[in-house]
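Chemist: The structure that follows is given in the form of structure tokens.
The values are calculated or read from the model by the stated rules, or taken from the named source; none is laboratory data. Predicted, not measured: the structure shown is a model, and the values here were computed from it. In this analysis, Cβ positions are derived from the backbone assuming ideal geometry, glycine residues included, and neighbour counts consider all displayed protein chains. We work out accessible area using only protein heavy atoms, side chains counted, and drop any ligands, DNA or RNA first. Shrake-Rupley method; radii C 1.70, N 1.55, O 1.52, S 1.80 Å.
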Amino acid sequence: MATRVRPATRADAEEVGEVLAEAFEDHPWIRWAFGERPSRDRLAALYRLDAGVAGAERRATWVAEQDGAVVAAACWTRPDAPELSPATEELLSTQVPRLIGDRAERLAEADDCVARLLPAERHWFLGCVGTRPRWRGRGLATSLVAAGLADVDAQGAIAVLETSSAANVRLYERLGFVVRAELDPPGGAPHVWLMERPAAGGRGETAEAQVERRAVDGAAGQVRALEQRR
């Protein structure tokens, strides 16, 4: 059967939420964040709002279809994303805190820890890519990420992601990503690999050299900032 990869629309939001909830309910990070038995309905509602509704408005979510049904989805944060509509902003501000509940503080601490290691340059961030379990092993995730990377390359931008799966590290390395850093976020969160894919055609350096240079430049900037405060 032929697979169709395309940008998501608002009409896909329900399916996007269901696909990603099914894909991630056993993921180490989700089990840490929402408990050993996370609610499928709760996850689906969160993914529907973030990747489905907001992702479609921001032109940042792609879906893969089989026979008209969404079986995989990928959601990015892109620096050139349009503003969300007031209705969507209100929906997110009222519904997401309720769905996250008492997990908000631990998630914020872990996210802040990762955010401090992100590159200073404008970049695309791959938030998630997931496939319904019975459709795995068919290259759908690779096709979805490649669709987003085509836009990344068209802008001459860099791409960044985080993963708590060693198997995913190998997958993303095949797509040109290089490990930028590894860390253990607070609160007992799973080990995280932060990965970067340098901009196409950048400086004629290898991907590894570009990532290493950015990490060194970022550390030097932090040192200069500290010295200026003295």
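Chemist: Can you name the helices (runs of 4 or more DSSP H) wholly within the stretch 58-160 that have at least 1 residues being open to solvent by 50 Å² or more (accessible area, probe 1.4 Å) and more than 25 Å from GLU25 (Cα to Cα)?
Modeler: In the stretch 58-160, 86-100, 140-154 are the helices (runs of 4 or more DSSP H) which contain 1 or more residues that are open to solvent by 50 Å² or more (accessible area, probe 1.4 Å) and more than 25 Å from GLU25 (Cα to Cα).
Chemist: Cβ-Cβ distance below 7 Å, separation of 6 or more or different chains: which pairs start in the stretch 143-154 with a residue that is β-branched (Val, Ile, Thr) and end on one that is open to solvent by 30 Å² or more (accessible area, probe 1.4 Å)?
Modeler: Sorted first by the residue in the stretch 143-154, then by its partner, the pairs are VAL145/LEU175.
Chemist: Here is a check on your reading of the model: is ASP102 over 20 Å from ARG42 (Cβ atoms) and not small (Gly, Ala, Ser)?
Modeler: Spelling it out, it is not the case that ASP102 is over 20 Å from ARG42 (Cβ atoms) and not small (Gly, Ala, Ser).
Chemist: Hey, could you check the stretch 17-49 for residues that are over 25 Å from THR88 (Cα atoms) and assigned to a helix (DSSP H, G or I) and say which is most open to solvent (accessible area, probe 1.4 Å)?
Modeler: ARG31
Chemist: A further question follows. So HIS123 clears everything in (1) farther than 16 Å from LEU161 by Cα; (2) at pLDDT 95 or above; (3) out of contact with any Gly (no Cβ under 8 Å at 6 or more places or on another chain) except one condition, right? Which one?
Modeler: Of everything listed in (1) farther than 16 Å from LEU161 by Cα; (2) at pLDDT 95 or above; (3) out of contact with any Gly (no Cβ under 8 Å at 6 or more places or on another chain), HIS123 misses just condition (1).
Chemist: Can you name every residue in the stretch 53-82 that is more than 20 Å from GLU121 (Cα to Cα), out of contact with any strand residue (DSSP E or B) (no Cβ under 7 Å at 6 or more places or on another chain) and of a type outside the set (A, V, I, L, M, F, W, C)?
Modeler: Scanning the stretch 53-82 gives GLU57, ASP67, GLY68.
Chemist: Whether any residue in the stretch 162-176 is surrounded by fewer than 17 Cβ atoms within 10 Å (Cβ to Cβ) and of a type in the set (Asp, Glu) is what I want to check.
Modeler: The answer is yes; a qualifying residue exists.
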